[in-house]
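These notes are about the structure you will find just below.
All of the numbers you see were taken from the coordinates with simple rules; none came from a lab. Values in this document were obtained by computation on a predicted structure and should not be read as measured data. A quick note on method: Cβ atoms are made from the backbone with ideal geometry, for glycine too, and the neighbour counts reach across all protein chains shown.
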């Protein structure tokens, strides 16, 4: 008799009921839920499934998940909670464990997504601040926040497991036609002009509401002639921050001072004599002035993207890398500091435009909450695919030449 009771109690421990609601079918979330269960050796039963009757209605699913051991069930639950499932059993508070040393956390720490998250603590649901992926949650008093592993301090109360954690993936408002192009399907066959027109409408809306638009740009912006058009956007007040690396600054200054980009004449597209020296000459000129800002103040730098950022009081953050020449004195070579500056510039962003950069684009994707609209423009559709694969599911793509895109966008915003 006792053995039978223990067996039933064990079976109950290995079964959980979960629910989720949203655009579960067209977003593909329902199939992801079921894949998670099967891939981790579990079984599922769809107890109830209510399909939304209109395009704006949410669907709702209730399902029972079972596994042969607690480790498998815990793994399944952790993945399902991260995708927006909520347990139907009475939810207890989050389990907090203290960090033993600086920069380390308990082995069963909860790893964050970039989706809106809340935790149950002391009888209250707390919204998690500074949402980003690949962090931990620290709860102090009535506040919870995402904290990078390196910033954890000994004794910090770390959320462990998934008990008391709820995640809310965003769902697009499909009835709003001006955002229809912002799905994460990528195709080079779509009309770029249509996407540009709708993006311009969004940028006008954000500017009127005084919301932040952040541009993440690669050096291809300069090589394709797009920097002058990005400068037009800055002058129009449509861009509040530009994030990039040393290369875009160097090649932009080279173009402004010497009329070349990587030694290629920007007007004719023909290599110039000893053009390979020009990027070093550009770095030397700025270092002699002291900084980009000093070069503008001294009249040495009087045009180009860097000039427009400084004159327009736009947040400009250049993050260094091991490959950088020089670098420019403005380039932040301390990677921890550079990440912190990127994070600060992205705070309260409503739109992120990623222009021709996989490296910085993926980095920014990791720092950006999933409710921030993210548009990636690249001639290579694989760049957007990589962003989505690494968790930035909100990223949508426009496949075209970056220089052409910026010219079309600047013209659209100028009413041409």
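In degrees, nearest 10, range 0 to 90: what is the angle between the Cα axis of helix 70-82 and the longest Cα principal axis of the chain?
Roughly 50 degrees, rounded to the nearest 10.
Roughly how many Å is it from the Cα centre of the range 205-237 to that of the range 46-70, as a whole number?
Between the Cα centres of the range 205-237 and the range 46-70 lies a distance of 42 Å.
For the chain, set up a GNM with springs between Cα atoms under 10 Å and report which of 326, 263, 141 has the largest fluctuation.
Per the Cα network of the chain with a 10 Å cutoff, 141 tops the list.
Take each of the peptides 333-342, 289-298, average the number of other beta-carbon atoms within 10 Å over its residues, and list them starting from the highest.
By packing density, highest mean first, the sequence is 289-298, 333-342.
Using Cα centres only, tell me the gap between the range 320-347 and the range 363-386 in whole Å.
So the two Cα centres are separated by 19 Å.
Note the listed values (i) -0.77, -0.90, -1.02; (ii) -0.60, -0.74, -0.89; (iii) -0.89, -1.03, -1.13, then indicate which one is log10 I(q)/I(0) by the Debye sum over Cα atoms at q = 0.10, 0.11, 0.12 Å⁻¹ calculated from this particular structure.
Evaluating log10 I(q)/I(0) by the Debye sum over Cα atoms at q = 0.10, 0.11, 0.12 Å⁻¹ on these atoms matches (i).
To test your reading of the geometry: what angle, between 0 and 90 degrees and rounded to tens, separates the Cα axis of helix 29-39 from the longest principal axis of the chain?
Around 60 degrees separate the two axes.
Compute the relative contact order of the range 90-171 as a whole-number percentage, counting only Cα pairs closer than 8 Å that sit 6 or more residues apart in sequence.
Relative contact order for the range 90-171 comes out at 43 percent.
Mind checking the angle between helix 2-13 and the chain's longest principal axis? C-alpha axes, 0 to 90 degrees, to the nearest 10.
Here the helix axis deviates by roughly 20 degrees.
Springs between alpha-carbon atoms under 10 Å, Gaussian network over the chain: tell me which of 75, 118, 323 tops the mean-square fluctuations.
Among 75, 118, 323, the largest mean-square fluctuation in the Gaussian network model of the chain belongs to 323.
Below 8 Å, C-alpha to C-alpha, sequence gap of six or more: please give me the relative contact order for the chain in percent.
15
Run the simple label-point estimate for residue 97 and residue 193 please: 7 Å along Cα→C-beta, distance reported in nm.
Distance between the two pseudo-spin positions: 6.0 nm.
Among 149, 346, 243, determine the one that fluctuates most according to a GNM of the chain built with springs between C-alpha atoms less than 10 Å apart.
Comparing 149, 346, 243 in the GNM, the peak value goes to 149.
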